[in-house]
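Written out below as structure tokens is the structure these notes cover.
Only the coordinates and a few stated rules stand behind these numbers; no lab work does. Just so we're clear, the structure is a prediction, and the values are computed from it rather than from any experiment. Heads up, the Cβs are rebuilt from the backbone with ideal geometry, glycines too, and the neighbour counts pull from every protein chain shown.
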Ligand code: SF4
């Protein structure tokens, strides 16, 4: 089949879906009240402090808007999304409720790409899709609505450039994450393209050790068996490296990884060779950076008894916010208000182990200062419901209270 139409800027009917988006995701009275009260609110014995940047980022706003525009323009067509549109279960479930279907992943409807018809519409999520998947979709001739975020495209541009110049792309990310899979696939556009994905500092040390001293190729490849390109040879392919990140990683970790790899390259090849052998670009997106920075600012400016981080358990950037919070205060990453079971019990994702656990005695009595933030894929109305649930289990009625300024 020939290629179908490709839309990269939605259908130009934002005005028609604005109200629906506000109703389904944005509207939260309590969030609005907190924001308009300088991001603080005192309610009974609870002082709430909200990070100044939280919730939907520009990329997520855009991808969800394009999904709604597509539904509005093509109410009679079959509309598919390749996989989760963003890492937030409520948003994905809302799209299913509106009639969208998913091709892969936890919400898969079972339809195969080979069965798609030219009349079908397929949305590409903000993470993008791997090069081979995009080629298959184009081959089906269906209408494609590509919502890949501009910040992700920027990473791809760097990775492509590395491949073109024969430089191995070293990507700080999780090789199972949709965005990273799409990013590393960019190297396949070039016969000499190579990649290596490192997920954290310990893995970076393994790479640095190999750069400095060489080592056992088989052991190296066994460790990175899922995260290197085909026929990767560490001796040959670590001689010139270019760095990139999954856009949602912890920026401090990415920076540390960059420094470690640079130092290893200097040790092996000497400073004069560095310009030729080592390239680094910070590709953490500004939305991720802003959410991390404003939470850090809040943690440093305010004594918090605990922090609530709201977002999908599989959301990378939300998980990193929880990690950041847990460095300063007990931090609970909840997906929605149901996580706040009672004043005694909370169900949350532990930022250290990554496991979803239940804790008791999380909400002590007496005055409490509570920080609130949310990942880039979390709509304001879910943050609002979490806050309302918190107040409910403390017996605080939102309606009866006027906002009082809170001392910093
Ligand atoms: S987190 Fe960053 S890269 Fe991801 S969708 Fe949002 S703006 Fe784009």
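Please find, in a Gaussian network model of the chain (springs between Cα atoms separated by less than 10 Å), the residue of 205, 172, 300 whose mean-square fluctuation is greatest.
Evaluated over the chain, the most mobile residue of the options is 300.
Among rounded, prolate and oblate, which fits the range 151-284 when a ≥ b ≥ c are the square roots of the eigenvalues of its C-alpha gyration tensor, a/c under 1.5 means rounded, and a/b larger than b/c means prolate? Kindly include the intermediate steps, with their values, before the conclusion.
Numbers: a/c = 1.28, a/b = 1.22, b/c = 1.05.
It is rounded, given that a/c, with a ≥ b ≥ c, falls under 1.5.
Averaged across orientations, what area in nm² does the convex hull of the alpha carbons in the chain project?
Details: hull surface 86.2 nm².
Mean orientational projected area (the chain, Cα hull): 21.6 nm².
Using only Cα atoms, tell me the angle between helix 150-164 and the longest principal axis of the chain; keep it within 0 to 90° and round to the nearest 10.
The answer is roughly 10 degrees.
Could I have the simple spin-label model distance between residue 74 and residue 205, label points 7 Å from Cα toward Cβ, reported in nm to one decimal?
Each label point lies 7 Å from its Cα, and together they span 5.0 nm.
Nearest-5 percent of antiparallel DSSP beta bridges in the chain?
Details: 13 of 52 bridges.
For the chain, the DSSP antiparallel bridge percentage is about 25.
With the crude spin-label approximation of a point 7 Å out along Cα→Cβ, what separation in nm comes out for residue 289 versus residue 29?
Distance between label points: 3.9 nm.
So which residue, out of 188, 248, 218, gets the largest mean-square fluctuation from a GNM of the chain using Cα contacts under 10 Å as springs?
With Cα springs under 10 Å in the chain, the top fluctuation among 188, 248, 218 is at 218.
Provide the convex hull volume over Cα atoms per residue for the range 219-299, in Å³. Numbers along the way, then the final one.
Details: hull volume 10.6 nm³, N = 81.
It is 131 Å³ per residue.
Simple spin-label model, 7 Å along Cα-to-Cβ: residue 225 to residue 353 in nm?
2.7 nm
Among rounded, prolate and oblate, which fits the range 59-148 when a ≥ b ≥ c are the square roots of the eigenvalues of its C-alpha gyration tensor, a/c under 1.5 means rounded, and a/b larger than b/c means prolate?
Values: a/c = 1.37, a/b = 1.24, b/c = 1.11.
The shape class here is rounded.
What's the angle, to the nearest 10 degrees (0 to 90), between helix 380-393's Cα axis and the longest principal axis of the chain?
The answer is roughly 40 degrees.
Relative to the longest principal Cα axis of the chain, at what angle does helix 251-269 sit, 0 to 90 degrees, rounded to 10?
20 degrees
Report the residue, chosen from 348, 80, 104, that carries the largest GNM mean-square fluctuation when the chain is represented by alpha-carbon nodes joined by springs under 10 Å.
Maximum fluctuation in the GNM of the chain, among the listed residues, is at 104.
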